[in-house]
Amino acid sequence: MDAFTAGLLQRIKATESDLSRARDEGDDFLVEVEQAELDDLRRLAAEHGVEVGASRV
């Protein structure tokens, strides 16, 4: 796995975790921010052929 792929997958994992935490805390604004970030990261992964596992969120 190259550095780009590893870094992208790590960012996705961290963002999924942050999104889950925001939901648990009831922070609607942060949920929207984290969801938008996650959508962007997933789009970037798809554009570069990086397979992302099933979402945990």
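See the values below:
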{"read-out": "Members of segment 1-32 found to be of a type in the set (Lys, Arg) and modelled with pLDDT under 95, listed by number", "value": "none"}
{"read-out": "Residues located in segment 1-16, provided they are more than 9 Å from the chain's Cα centre (by Cα) and of a type in the set (Val, Ile, Thr)", "value": "5"}
{"read-out": "Any pair with Cβ under 9 angstrom, 6 or more apart, that starts in segment 1-13 at a residue that is more than 17 Å from residue 37 (Cα to Cα) and free of Cβ contacts under 8 Å to residues at least 12 places away in the same chain and ends at one that is open to solvent by 100 Å² or more (accessible area, probe 1.4 Å) and not in a helix (DSSP H, G or I)", "value": "none"}
{"read-out": "Residues being part of a helix (DSSP H, G or I) and open to solvent by 80 Å² or more (accessible area, probe 1.4 Å) - total across segment 41-57", "value": "2"}
{"read-out": "Given (1) open to solvent by 80 Å² or more (accessible area, probe 1.4 Å); (2) part of a helix (DSSP H, G or I), index of the condition residue 8 fails", "value": "(1)"}
{"read-out": "Matching residues in segment 13-40 - criterion: being of a type in the set (Val, Ile, Thr) and part of a loop (DSSP other than H, G, I, E, B)", "value": "none"}
{"read-out": "Positions within segment 11-32 being open to solvent by 50 Å² or more (accessible area, probe 1.4 Å) and under 17 Å from residue 47 (Cα atoms), in sequence order", "value": "11"}
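The values are calculated or read from the model by the stated rules, or taken from the named source; none is laboratory data. Worth saying up front: this structure is predicted, and the values here are computed from it rather than measured. Ideal geometry is used to build each Cβ from the backbone, glycine not excepted, and the neighbour counts take in all protein chains shown. For accessibility, only protein heavy atoms count, side chains too; no ligands or nucleic acids. Shrake-Rupley method; radii C 1.70, N 1.55, O 1.52, S 1.80 Å.
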